[in-house]
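Structure first, commentary second.
The values are calculated or read from the model by the stated rules, or taken from the named source; none is laboratory data. Note that the structure is predicted; figures quoted are calculated from it, not measured. Every residue, glycine as well, gets a Cβ built from its backbone with ideal geometry; the counts of neighbours run over all protein chains shown.
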Amino acid sequence: MSEIENSKQMTILIVDDMVANLHLLSEILRSKGHRVMAFPSAKTALLGLQKIKPDLMLLDIRLPDMDGFELGHSIKADPSMKETPLIFISALDDTKTKVQAFKQGGVDYITKPFQEDEVLARVENQLNQQRQKEQIEVQRTRIDESYRELLNLEKMRDNLVHMFAHDMRTPLTIMLVNLQVIEMQLKQGMLSECVEPIKASILTSLNLRDMISNMLDVSKLESEQVPLESSNWDIGAIISDVVSSVQPIAGDKELKWVASEKTVNVFCDKKVTYRIIENLISNAIRYSNAKSPVEITYECNEESVKVSIRDHGLGIPAKSLETIFEKFEQVEMSGSSPRFSSGIGLYFCKLAVEAQDGRIGVVSDEGQGSLFWFTLPSCIG
């Protein structure tokens, strides 16, 4: 109970037309750290309740303008006060009055003249019950939130399994068909005819490798388990290495890249930055139109270096621009041929860039291609 008991000051409403009684009860309760709202009539109490809702109410049964039973009934009519405990106080000590008090919704009964120990014992008993109810409600809310989160995680897991099973089936089918073709051609001695299906199988294998690598890296980045080894690196040299690596899968797409004569250093993890550029160039190759160029450029200022990769493909629908970097986001483009993708590559790029204090974005018009860019801190001098 420590969280609620220690952090919340309990508020107690007292209504009694005898000023001496109000003062006495107020002093007893305030001495224990409680906040007290004291009113000499039902009318003033109802006005006060419009501003503050108490945790406990002590109502005198005999009041000049409305008896305590009627006042309690009026207060309880407010849904927000329905569960607030009510203790009746009275000089009457007969059984009939006490029974009526409990029938009217009272949880306890205190007789006058007041005995301090008795008042505190009965009040603390009700306040403790209130604290327990609030603590139970807090725990119930947390359990509900945890349950909803668990359901969402299970749904994401099921979607992930389904998505990867679906996305991997296509490249695996391509590999299987190519291997069967190669087997048949080898049996017939047609060695030269094996080149294209072998190339296709290699390309498909690389796509599968990237799909799995991105998923593993995203998991590590999300859990902050990737120890970045940042230092000063020549961004041009990193881009050149990536271009050389992806050139075999470019096919009829020309990779237009001219390294600057001047060394431009960025502060980054070389391996992670290599993977970012590799993902973006591979995406540009995948989504470019046949025989169109993929252009890689960079520019720098005193604070950052901006790397840009432009393709000349179908572009990205406007509705997808805001979500393109979200996890598992897969953009559907009319007229495009099926392309297997886990929807995780760009999400990896976003996490990897931001982990290095950079930014990432995209500019695209449907039918006009796309330009993906990211920045990293520059190292001048």
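Within the group ASP78, ASP67, ASP93, ASP117, which residue is at pLDDT 90 or above and more than 15 Å from ILE14 (Cβ to Cβ)? After applying the criteria, what remains is ASP117. Screening LEU351, LEU346 for residues that are closer than 19 Å to LEU371 by Cβ, crowded, with 16+ Cβ neighbours inside 10 Å and modelled with pLDDT of 85 or more leaves exactly one candidate, LEU346.
LEU92 meets the conditions (1) surrounded by 15 or more Cβ atoms within 10 Å (Cβ to Cβ); (2) among the aliphatic types (A, V, I, L, M); (3) in a helix (DSSP H, G or I) in every case but one. The failed one is (3).
Residues of region 354-381 that are modelled with pLDDT under 85 and in contact with a helix residue (DSSP H, G or I) (Cβ under 8 Å, 6 or more places away or on another chain): GLU366 alone.
Listed here are the residues, each with its yes/no results for (1) assigned to a helix (DSSP H, G or I); (2) surrounded by fewer than 19 Cβ atoms within 10 Å (Cβ to Cβ).
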| site | (1), (2) |
| --- | --- |
| ILE14 | no, no |
| ILE52 | no, yes |
| LEU59 | no, no |
| LEU63 | no, no |
| SER80 | yes, yes |
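Of the strands (runs of 3 or more DSSP E) that lie entirely inside region 189-305, those containing 3 or more residues that are hydrophobic (A, V, I, L, M, F, W, C) and assigned by TED's automatic domain parsing to the domain that holds ILE316 span 265-269, 294-300.
For VAL272, are the conditions met, namely being touching a residue at least 60 places away in the same chain (Cβ under 8 Å), crowded, with 17+ Cβ neighbours inside 10 Å and over 30 Å from ASN289 (Cα atoms)? No, not satisfied. So for region 261-278 (the condition being touching a Gly at 6+ places or on another chain (Cβ under 7 Å) and more than 18 Å from SER230 (Cα to Cα)), does at least one residue qualify? Within region 261-278, none of the residues are touching a Gly at 6+ places or on another chain (Cβ under 7 Å) and more than 18 Å from SER230 (Cα to Cα).
State all residues of region 199-220 that are more than 22 Å from LEU176 (Cα to Cα) and not small (Gly, Ala, Ser); if no residue qualifies, say none.
Residues of region 199-220 more than 22 Å from LEU176 (Cα to Cα): 214-220.
Across region 199-220, the qualifying residues are ASN214, MET215, LEU216, ASP217, VAL218, LYS220.
Checking each residue in region 1-37 for being modelled with pLDDT of 90 or more, of a type in the set (Asp, Glu) and over 22 Å from GLN50 (Cβ atoms) picks out only GLU27.
For region 14-32, the condition of being in contact (Cβ under 8 Å) with a residue 60 or more places away in the chain and either closer than 30 Å to ARG140 by Cβ or under 41 Å from the mean Cα position of the chain (by Cα) (or both) holds for at least one residue. How many residues are farther than 16 Å from MET57 by Cα and aromatic (Phe, Trp, Tyr) when one looks only at region 77-113? Total satisfying the criteria: 0.
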